[in-house]
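The values are calculated or read from the model by the stated rules, or taken from the named source; none is laboratory data. As the structure is a computational prediction, the values presented were derived from the model and not from experiment. Here the Cβ positions follow ideal geometry from the backbone for every residue, glycine too, while neighbour counts run over all protein chains shown.
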Amino acid sequence: MNKPLHPDQLRNLVPLDSLSPRQLWELRVRVAPLALEAGQLLRPENASSARHYLMSGSLLLNGRDGQQTHVVAGSPAALHSIAFGQLVEARALEDCQLLTVDGAELERLLSWRQALQDVLLQLSMDGEDGEWLERLLDNPLFAQVPPANIRSMLGRLVEIDVPAGRTLIHEGEAGDCCYFLKNGRAQVLKAVGSGEQLLAELEAGACFGEEALLEERPRNASIAMIEDGSVLRLARADFLELLKAPVVSEVDLDDVADLLGCGAQWLDVRLLEDYEQGHAMQALHMPLHLLRLKTRLLNPQRPYLCYCESGKRSANAIFLLTQLGFTAYALRGGLDALSPAERAALLWECGSGYLARSDGRIERSL
């Protein structure tokens, strides 16, 4: 129980059973074990605001009304959290294992899930197909988007039927919109010499074309349909207003120390020559054009701090990392917003990228 739990170990607990699979994956890193030896007491003042679930052993709950309740792991009662607000104490009748779930995070996920269900219900009443929306909104990106924005976004999408072989986005063109793949499959292609290299395949629910909108640069790859399908087009202005603004979290330099103290790590998304001239302490070099490929070296349980010169590449990085389920923040205003003294104090290390470990492999982050 020292490792993050698999969602299957959480999905039967109440009210966790109302969360989506993606939300359970998010929540599993906010769950911690708590061991009680036989005879040990757990009182309300020591239980904090977390929710506690009995996973093994048995407890005797002494209520404020004088009633006693015997709870055994695996019983229907053990699927509910222990209501410490109504108890004087809980006594372990044998060695027990409990799970403590971050109460604030659980409440946030439940509130968002309920609001999302309200949106889906209204859309289904309007005759909209909810299955593709479930897939689309299961993207971690939308966990940061207020339901009101999602409702507005859905009203501004333009559906387009696209045959197999049609190229929706051409590498090198200016970006004026992004797309959501409603059905069918698409491929991401990069020009290499006189040919093209396949970078990835996209399935229903994928968002693509957003990088050019965030960076205000030409499209960095082409997107072509593999089979007949349909996409939903969102104009650049609507994307920036409804999706980018709530998703891209920014922090000031004054707040960085607290995040680093909680285990955050710097990501430098600039070019290699800029990184080598000076970077933040132990910053991993993750140039933006390689970030999607290099995310396998990152730890989903760890927050990341991104920086670049203007802040635009960092915003792009945050958007991408959020879609992939990471928690990340951008340095507000980028390095350009720092004074010369602040910049020198931040970018004091020089040289090549730090080693990053992933699945037993070790490689440089650049």
First in the stretch 31-45 and within 13 Å of L98 (Cβ to Cβ), second anywhere and hydroxyl-bearing (S, T, Y) and outside any loop (DSSP other than H, G, I, E, B), Cβ under 6 Å, 6 or more apart: A32/T100; L34/T100
Just wondering, is there one or more residues in the stretch 58-81 that are part of a strand (DSSP E or B), in contact (Cβ under 8 Å) with a residue 40 or more places away in the chain and outside the structural domain of L202 (by TED's automatic domain parsing)? yes
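Taking the stretch 42-61, which residues are at negative phi and surrounded by 17 or more Cβ atoms within 10 Å (Cβ to Cβ)? So that I can check it myself, show each step before the final result.
From the stretch 42-61, those at negative phi are 42-47, 49-56, 58-61; that's our starting set.
Listed by number, the residues that qualify are L42, A47, A50, R51, H52, Y53, L54, M55, S58, L59, L61.
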Mind listing just one residue for me: the one in the stretch 279-291 that is touching a residue at least 40 places away in the same chain (Cβ under 8 Å) and buried (at least 17 other Cβ atoms within 10 Å of the Cβ) and, of those, farthest from the chain's Cα centre (by Cα)? H279
For the stretch 152-159, check the following and say yes or no: at least one residue is in the same structural domain as R233 (by TED's automatic domain parsing), closer than 21 Å to L320 by Cα, among the polar types (S, T, N, Q) and over 19 Å from the mean Cα position of the chain (by Cα). no
Can you pull out every residue in the stretch 323-338 that is in contact (Cβ under 8 Å) with a residue 40 or more places away in the chain and polar (S, T, N, Q)? Q323
Output the number of the condition that I226 fails; it satisfies all remaining conditions of (1) in contact (Cβ under 8 Å) with a residue 24 or more places away in the chain; (2) within 25 Å of A337 (Cβ to Cβ); (3) not aromatic (F, W, Y). (2)
Among (1) more than 25 Å from C350 (Cβ to Cβ); (2) at pLDDT 85 or above; (3) under 21 Å from the mean Cα position of the chain (by Cα), A237 falls short only on (3)
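Given the condition among the acidic types (D, E) and in contact (Cβ under 8 Å) with a residue 24 or more places away in the chain, answer yes or no: does some residue in the stretch 112-120 qualify? Let's see the steps before the verdict.
Kept after step one, since they are among the acidic types (D, E), are these residues of the stretch 112-120: 118.
Those left that are additionally in contact (Cβ under 8 Å) with a residue 24 or more places away in the chain: 118.
The answer is yes; a qualifying residue exists.
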Return only the number of the condition from (1) over 21 Å from the mean Cα position of the chain (by Cα); (2) surrounded by 14 or more Cβ atoms within 10 Å (Cβ to Cβ) that G209 does not satisfy. (1)
Do any strands (runs of 3 or more DSSP E) lying entirely in the stretch 141-211 carry at least 1 residues that are among the hydroxyl-bearing types (S, T, Y), in contact with a strand residue (DSSP E or B) (Cβ under 6 Å, 6 or more places away or on another chain) and within 18 Å of M225 (Cβ to Cβ), and which ones are they? 167-169, 177-183
Please state which of the following conditions A237 fails to meet, knowing it meets all the rest: (1) of a type outside the set (K, R); (2) outside the structural domain of L202 (by TED's automatic domain parsing); (3) not in a strand (DSSP E or B). (2)
Does L213 satisfy the condition of being free of Cβ contacts under 8 Å to residues at least 40 places away in the same chain and touching a Phe, Trp or Tyr at 6+ places or on another chain (Cβ under 8 Å)? yes
